[in-house]
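The values are calculated or read from the model by the stated rules, or taken from the named source; none is laboratory data. None of the values given here were measured: they were computed from a predicted structure. Counting neighbours? That spans all protein chains shown, and the Cβs are built from the backbone with ideal geometry, glycine included. Only protein heavy atoms, including side chains, enter the accessible area calculation; ligands, DNA and RNA are left aside. Shrake-Rupley method; radii C 1.70, N 1.55, O 1.52, S 1.80 Å.
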Amino acid sequence: MIVETTIHSFSLWHHFAHKPGFDAIAFAELARSMGFQGISLSLNNANYRHLGGREPERMDHLRTYLTTHGMSLEVDTSDTAPSHMSEMLNVARRMGATSLRTYTRHNGAVPEMMQKTANNLAEVMQEAADLDVIIVLENHEDFTGPELVEIVERVNHPNLKILYDYGNSQMVLEDPIAALDAVLPHVYSVHFKDHVMIRAED
C-alpha cells in the first residue's frame with residue numbers, strides 16, 4: 001500500500017484570494033517545499049476555483065509541473081449530476097488526477113437523497129473506469145458512515161470509493177470512530193484537519 005500525504009488547496013484559500021501571483025503552480029511549489037507528495041485542488045465552481053480558469057493550457061501546465069516532480073493530484077467538485085460528473089471526469093483525466101472527489105447536492109429526506117446520489121453515480125461509473133479515475137464520495141455533512149456505505153454498495157463498482165472526514169461526521173452528530181468503523185472497507189483517502197464541536201445541541 002502506498003500512503004501519500006497531500007495538502008488541499010482550500011487550506012490556503014486566503015492565498016488564492018488575496019496574494020498576488022499565487023496560483024495553482026505556486027501552490028504546488030509550496031506543497032513540494034513543505035514535503036507533501038501531492039496536492040488536492042478544488043475545482044468547485046464554474047471557473048474551476050483554485051485552478052483559476054477553465055483553459056486547457058492551465059490544466060496542462062499544472063500536469064506538467066506535477067509529473068516533472070513526481071507529485072500526485074486529486075481534484076474535487078460538488079454535485080453528482082451525471083452531466084457534471086462526466087465533465088469533471090474528463091478534466092481530471094486531462095490534468096493527470098487519479099481521483100475525483102465529490103459529494104451530493106441533493107436535498108430532502110435522507111433515503112431519497114441516498115437513492116438519487118446512487119443513481120447519479122451509477123450512470124458515470126463506466127466512464128470513470130474508461131478514464132482510469134477513481135470517484136471518491138465524501139461524508140460531507142449529509143450522510144452518516146453507514147448511509148455512505150449503503151450508497152457505495154448500491155452502486156457496486158470498484159472505481160467508487162469513500163473519503164473519510166472525521167470533522168464532517170461530527171456535523172451529523174455521529175461519533176467519528178463509529179463513522180470510521182462503517183466506512184473503513186471502502187476508504188480511499190482521509191481528511192485530517194483541526195476540528196472541535198462547541199455546541200452539540202446545534
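Note on the range 22-72: among residues that are of a type in the set (Gly, Ala, Ser) and part of a loop (DSSP other than H, G, I, E, B), the one that is nearest to residue 103 (Cα to Cα) is 46. Looking only at the range 189-202, residues that are surrounded by 13 or more Cβ atoms within 10 Å (Cβ to Cβ) and under 21 Å from residue 110 (Cβ atoms) come to 0 in all.
Here is a yes/no grid of residues against (1) open to solvent by less than 70 Å² (accessible area, probe 1.4 Å); (2) modelled with pLDDT of 90 or more; (3) over 15 Å from the mean Cα position of the chain (by Cα):
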| position | (1), (2), (3) |
| --- | --- |
| 138 | yes, yes, no |
| 149 | yes, yes, yes |
| 161 | yes, yes, no |
| 168 | yes, no, no |
| 177 | no, yes, yes |
| 187 | yes, yes, no |
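Look at residue 98 and say whether it is touching a strand residue (DSSP E or B) at 6+ places or on another chain (Cβ under 9 Å), of a type in the set (S, T, N, Q), open to solvent by 30 Å² or more (accessible area, probe 1.4 Å) and free of Cβ contacts under 8 Å to residues at least 60 places away in the same chain. Yes: the conditions hold for residue 98. Scanning the range 101-121 finds no residues that are over 22 Å from residue 154 (Cβ atoms), assigned to a loop (DSSP other than H, G, I, E, B) and open to solvent by 30 Å² or more (accessible area, probe 1.4 Å).
The lone criterion from (1) out of contact with any Leu (no Cβ under 7 Å at 6 or more places or on another chain); (2) open to solvent by less than 30 Å² (accessible area, probe 1.4 Å); (3) closer than 22 Å to residue 164 by Cβ left unmet by residue 12 is number (3). Residue under question is residue 93, and the condition is that it be over 17 Å from the mean Cα position of the chain (by Cα) and open to solvent by 50 Å² or more (accessible area, probe 1.4 Å); does it hold? When the stated conditions are applied, residue 93 does not pass them. The single condition among (1) open to solvent by less than 30 Å² (accessible area, probe 1.4 Å); (2) of a type in the set (Ser, Thr, Tyr); (3) out of contact with any strand residue (DSSP E or B) (no Cβ under 8 Å at 6 or more places or on another chain) that residue 42 does not meet is (3). Condition test on residue 69, is it more than 18 Å from the chain's Cα centre (by Cα), of a type outside the set (D, E, K, R) and more than 15 Å from residue 92 (Cα to Cα)? Taking the combined requirement at face value, the residue satisfies it. Within the range 1-21, the set of residues being within 19 Å of the chain's Cα centre (by Cα) and of a type outside the set (S, T, N, Q) comprises 2, 3, 4, 7, 8, 10, 12, 13, 16.
Can you find even one residue in the range 54-64 that is over 18 Å from residue 23 (Cα atoms), of a type in the set (Ser, Thr, Tyr) and open to solvent by 10 Å² or more (accessible area, probe 1.4 Å)? No; the residues of the range 54-64 include none that is over 18 Å from residue 23 (Cα atoms), of a type in the set (Ser, Thr, Tyr) and open to solvent by 10 Å² or more (accessible area, probe 1.4 Å).
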